[in-house]
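I have placed the structure first, in the form of structure tokens, so that the comments after it can refer back to it.
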Amino acid sequence: MIIYTPASAAKFIPVIDLADTFSNNAEAKRAVAWEIHKACRDIGFFYIKNHGIPEGMLQAQLECARRFFSLPQSEKDEIALSHSPTMRGYEPMALQTLDEGSKPDIKEGFYASIDGSQSYVTNGAYDSLNQWPKSYPEMRVQVEAYIQAMTGLGKHLLGMLALSLELPENYFAEGVERPMITNRLLHYPPQPRVGDGNQIGAGAHTDWGMITMLLQDDVGGLEVRNADGEWIRAPHIPNTFIINLGDMVPVLTRGIYRSNMHRVLNLNPERHRYSVPTFFDPSYHYRIKPLAHFEGAQEFSQEERTVGEHIAKMYAKTYGDP
């Protein structure tokens with residue numbers, strides 16, 4: 001039985017080396033899982049290094065974001081989310097409000113997704129419902145290769161998350177045979193100060209799903225709230241991802257693992273910020289319910305929902321749908 005204890009107020013976000021998790025050494029894997037366990041209880045965020053994704057692919061994905069957002073506005077608008085029934089394509093500036101009650105976020109984005117309702121590969125290529133810019137055909141090749149690489153990393157991380165919860169490493173295997181994966185390119189222009197109505201790059205929020213794997217450039221601006229309510233910086237560390245837990249994980253663990261508030265404010269007066277979060281969740285009909293061997297907060301004891309139900313609800317909430 002894993003018992004709830006109050007989170008410690010972290011002063012920094014830990015860096016966890018994944019190298020041993022790719023070995024067959026069970027003891028070494030459990031040692032890394034313990035580091036993940038501590039990070040998930042205290043702050044719900046951690047960096048990973050030696051994760052197996054080539055540095056060249058990371059840089060290519062960030063360059064893809066820079067090139068896409070530099071396209072003419074008219075071309076981006078041709079593939080806007082409003083043209084897609086599945087929320088894929090270009091997200092115009094200030095469309096989303098992550099911090100309820102604040103003004104819309106000062107960012108623009110692009111969504112590309114693969115989920116269990118699609119065929120992953122057809123004649124060697126993704127059977128994609130995504131929208132792509134006509135003048136930049138290389139974008140599809142890069143983003144789909146990146147999604148494929150991140151699918152492997154996401155499955156590996158859920159195996160390590162299972163070990164950190166004292167579960168078999170393959171506990172989530174059934175749920176990730178056909179996972180839901182969304183890759184999002186984001187662009188934050190410089191912002192000299194916090195705007196009226198608490199308007200910033202991305203308002204304070206928790207992520208919605210299971211795990212997020214964030215690739216960020218060297219501009220900075222991400223902040224994470226610790227258990228004392230203080231905001232701590234999450235600076236760029238080369239060749240790492242920042243991993244954070246989404247809202248499904250506190251349901252699994254009855255609140256013992258944290259889905260933590262974070263925000264983005266790009267105060268650099270001269271540089272634009274680009275980042276690439278990848279949201280990795282089990283399949284659409286996978287049911288999220290509390291684990292039997294956790295004794296946590298009472299408010300999580302009865303919650304149960306499918307992944308699809310939860311994600312649909314959060315899209316509607318943050319994009320202003322009724």
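The values are calculated or read from the model by the stated rules, or taken from the named source; none is laboratory data. These numbers come from a predicted model, not from an experiment. For neighbour counting, all protein chains shown are included, and Cβ atoms are generated from backbone atoms with ideal geometry for every residue, glycine included. Ligands, DNA and RNA are stripped out before the accessible areas are found, and what is left, the full protein with its side chains, is counted by its heavy atoms. Shrake-Rupley method; radii C 1.70, N 1.55, O 1.52, S 1.80 Å.
Taking the stated definitions as given, is GLY116 in contact with a Ser or Thr (Cβ under 7 Å, 6 or more places away or on another chain), closer than 27 Å to HIS285 by Cα and either among the charged types (D, E, K, R) or modelled with pLDDT under 95 (or both)? Yes; evaluated as a whole, the condition is true for this residue. Taken over the range 77-103, the residue count meeting the criterion of being of a type in the set (D, E, K, R), out of contact with any His (no Cβ under 8 Å at 6 or more places or on another chain) and farther than 18 Å from TYR136 by Cα is 2.
Okay, residues lined up against (1) among the β-branched types (Val, Ile, Thr); (2) modelled with pLDDT of 95 or more:
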position	(1), (2)
ILE2	yes, no
LYS29	no, yes
ILE36	yes, yes
PHE45	no, yes
LYS49	no, yes
MET57	no, yes
PRO72	no, yes
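Of all residues in the range 96-108, one or more are at pLDDT 95 or above and out of contact with any helix residue (DSSP H, G or I) (no Cβ under 9 Å at 6 or more places or on another chain). Looking at the range 199-260, the strands (runs of 3 or more DSSP E) lying wholly inside it that each contain 2 or more residues that are more than 11 Å from the chain's Cα centre (by Cα) sit at 202-205, 222-225, 231-233. Taking the range 123-153 as the range and being open to solvent by less than 10 Å² (accessible area, probe 1.4 Å), out of contact with any helix residue (DSSP H, G or I) (no Cβ under 7 Å at 6 or more places or on another chain) and either assigned to a strand (DSSP E or B) or not β-branched (Val, Ile, Thr) (or both) as the test, the residues that pass are MET150, LEU153. Within the range 155-166, does at least one residue satisfy the condition of being over 23 Å from MET87 (Cβ atoms), assigned to a loop (DSSP other than H, G, I, E, B) and open to solvent by 10 Å² or more (accessible area, probe 1.4 Å)? Yes: the range 155-166 contains one or more residues that are over 23 Å from MET87 (Cβ atoms), assigned to a loop (DSSP other than H, G, I, E, B) and open to solvent by 10 Å² or more (accessible area, probe 1.4 Å). Scanning the range 167-187 for residues that are of a type outside the set (A, V, I, L, M, F, W, C) and either open to solvent by 10 Å² or more (accessible area, probe 1.4 Å) or free of Cβ contacts under 8 Å to residues at least 24 places away in the same chain (or both) turns up PRO168, GLU169, ASN170, TYR171, GLU174, GLU177, ARG178, THR182, ARG184, HIS187.
When the range 31-49 is limited to residues that are aliphatic (A, V, I, L, M) and either free of Cβ contacts under 8 Å to residues at least 60 places away in the same chain or in contact with a Ser or Thr (Cβ under 7 Å, 6 or more places away or on another chain) (or both), the one that is nearest to ILE237 (Cα to Cα) turns out to be ILE48. For ALA80, the test of being at pLDDT 90 or above, surrounded by 13 or more Cβ atoms within 10 Å (Cβ to Cβ) and out of contact with any helix residue (DSSP H, G or I) (no Cβ under 8 Å at 6 or more places or on another chain) is passed.
Within the range 195-202, does at least one residue satisfy the condition of being closer than 26 Å to GLU35 by Cα, in contact (Cβ under 8 Å) with a residue 40 or more places away in the chain and either surrounded by fewer than 23 Cβ atoms within 10 Å (Cβ to Cβ) or of a type in the set (A, V, I, L, M) (or both)? No, there is no match, as no residue in the range 195-202 is closer than 26 Å to GLU35 by Cα, in contact (Cβ under 8 Å) with a residue 40 or more places away in the chain and either surrounded by fewer than 23 Cβ atoms within 10 Å (Cβ to Cβ) or of a type in the set (A, V, I, L, M) (or both). Restricting attention to the range 25-57, the residues that are among the aliphatic types (A, V, I, L, M) and under 25 Å from ASN260 (Cα atoms) total 7. Among the conditions (1) open to solvent by less than 80 Å² (accessible area, probe 1.4 Å); (2) in contact with a strand residue (DSSP E or B) (Cβ under 8 Å, 6 or more places away or on another chain), the only one that ARG41 does not satisfy is (2).
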